[in-house]
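Right, one structure below, let's go through it.
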Amino acid sequence: MENSELTDEQTEELLTLARYNRSSVPSYFWDISVEHQELHEKYLCSAKSLYDKEAEWQSEEYYSIGDRSQKSAYIAIIFAVMYIEGAIYNFGCIYLGDDYVQRNLDRLSTISKITVILRMVTQKDLNTDGQAYEHLKRLIKYRNGLIHPKSKPTKFGKEAFLRYEKEKSDYHRAIDSAKKAIEYLDKETRKINNDEHHPGLFGYF
């Protein structure tokens, strides 16, 4: 009968693979975000084709498409952050252990969690002057505004117009950051964590 015992090297390899083989759902969150980013763009294109610059009021379909575009944008933004939050938690548990992350790091803000865990694991810092950090901050700030809404005094005239323009600008920048925060985070963290089993923060997402 052949000896079925594993060598020390084989045992170490299996233990290493088991460390990365975790049950996780963040990749589904990213799929949902991407789906709604694409829907948002599709609705915007449809609205542009319906826009009548000569009309005082646009058609009912135009406003309906605008509502759908906005809803898709909100879903894309919220699920992009959910994906990032799930990914950094998973990353921390792989390298630091579930118990340690739950006891010591789970209550940190998302940005603090990313910077602290990356530092602990790689001994390197995320570039706080880089595009990844900039888009991450913008995305999370906008997401927080969506899930913790606060009422504001009604404005009229020029003030109302300026507020509308600012909110519109913030909204479009947040949608842009829903994609770019993850794209740049993946690119930057792969440089500081080149683990072949789980490159960067997101691994093989």
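The values are calculated or read from the model by the stated rules, or taken from the named source; none is laboratory data. Small disclaimer: the values here were computed from a predicted structure and weren't measured. All Cβ positions, glycine included, derive from the backbone under ideal geometry; neighbour counts span all protein chains shown.
Key figures
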read-out	value
Residue match in the range 40-49 (condition: surrounded by 13 or more Cβ atoms within 10 Å (Cβ to Cβ) and under 17 Å from the mean Cα position of the chain (by Cα))	yes
In the range 19-54, residue farthest from residue 86 (Cα to Cα) [restricted to those that are at pLDDT 85 or above and of a type in the set (A, V, I, L, M)]	50
Among (1) surrounded by 14 or more Cβ atoms within 10 Å (Cβ to Cβ); (2) outside any loop (DSSP other than H, G, I, E, B) - the single one residue 195 does not satisfy	(2)
Checklist (1) assigned to a loop (DSSP other than H, G, I, E, B); (2) in contact with a Pro (Cβ under 9 Å, 6 or more places away or on another chain); (3) of a type in the set (D, E, K, R) applied to residue 150, failing item	(2)
Any hit, the range 3-18, residues being modelled with pLDDT of 90 or more and of a type outside the set (D, E, K, R)	no
Close pairs from the range 96-113: first touching a residue at least 12 places away in the same chain (Cβ under 8 Å), partner of a type in the set (Asp, Glu), Cβ under 9 Å, at least 6 apart	110/85; 113/85; 113/106
Residue count for the range 171-192, restricted to those that are over 19 Å from residue 38 (Cα atoms) and surrounded by fewer than 14 Cβ atoms within 10 Å (Cβ to Cβ)	2
Candidate set from the range 190-201 (those that are out of contact with any Pro (no Cβ under 8 Å at 6 or more places or on another chain) and in contact (Cβ under 8 Å) with a residue 12 or more places away in the chain); member that is nearest to residue 125 (Cα to Cα)	192
